[in-house]
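Every number in this text was worked out from the coordinates using simple rules, so none of it is lab data. A quick note: this is a predicted structure, and the numbers were derived from the prediction, not measured.
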Amino acid sequence: MSRWLPSPATSLGLLALWLLLNQSVSPGHLLLGAILGLLGPLILRRLEAPPLKLARPDAILRLLCAFGADMVRSNLKVARTILRDDPGRTPGFTRIPLRLRSPYGLAALACIITATPGTSWVSYDPATGILVIHVLDLSEGDDWSALIGWRYERLLLEIFE
């Protein structure tokens, strides 16, 4: 059974996602979702991803709260910057050394940084652990390395390492 259905939870999740995205439970969509639910885990198994171990569920909640607060703050700051058309604004790139090495933690950090208005993930060098991000406004008082290390990396290390 595990050869044909290696991850029942993933299969059910893919079926549910398919039905939600299509907003239909017609027989055709049920069949397509079931096929996707059966083939998806078989394809994912080929990727040979390391097993996922979540160490601290309470850290996940703290990370989500920090991310939510930063989203609101960043949206307001970006809106203010755009509406004022501040000539003193300095967009640019910044390099951030990371201790985080977990592929799941790095993927979560990439989603967080890219989803936050005013920042985007540019590159990551696994050999050196250097992350490069682009920031809409590199203010003099903003230490992006400390901000990302304290707000996100610390919690991601608790969760994934």
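Roughly how compact is the chain, stated as its Cα Rg over 2.2 N^0.38 Å to two decimals?
1.31
Using θ = phi - 60° and the Karplus curve 6.51 cos²θ - 1.76 cosθ + 1.60, what whole-Hz ³J(HN,Hα) does each residue of segment 24-37 get, with Gly and Pro shown as x?
So the Karplus estimates, Gly and Pro as x, are 7, 10, 5, x, x, 6, 4, 5, 4, x, 5, 5, 4, x Hz.
Given H placed on each backbone N at 1.01 Å, which residues far from V122 in sequence or on other chains put an amide H within less than 5 Å of it?
V132, I133, H134
Counting alpha carbon pairs within less than 8 Å and at least 6 residues apart, what relative contact order, in whole percent, applies to the chain?
After rounding, I find 25 percent.
Given only helices, namely DSSP H runs of n ≥ 4 each adding -39500 (n - 2.57), what is the per-residue ellipticity at 222 nm of the chain, to the nearest 500 deg cm²/dmol?
When only DSSP H runs of four or more count, the value is -18000 deg cm²/dmol.
Calculate the length of the line joining the C-alpha centroid of segment 32-55 to that of segment 84-146, in whole Å.
Here the two parts' Cα centres lie 30 Å apart.
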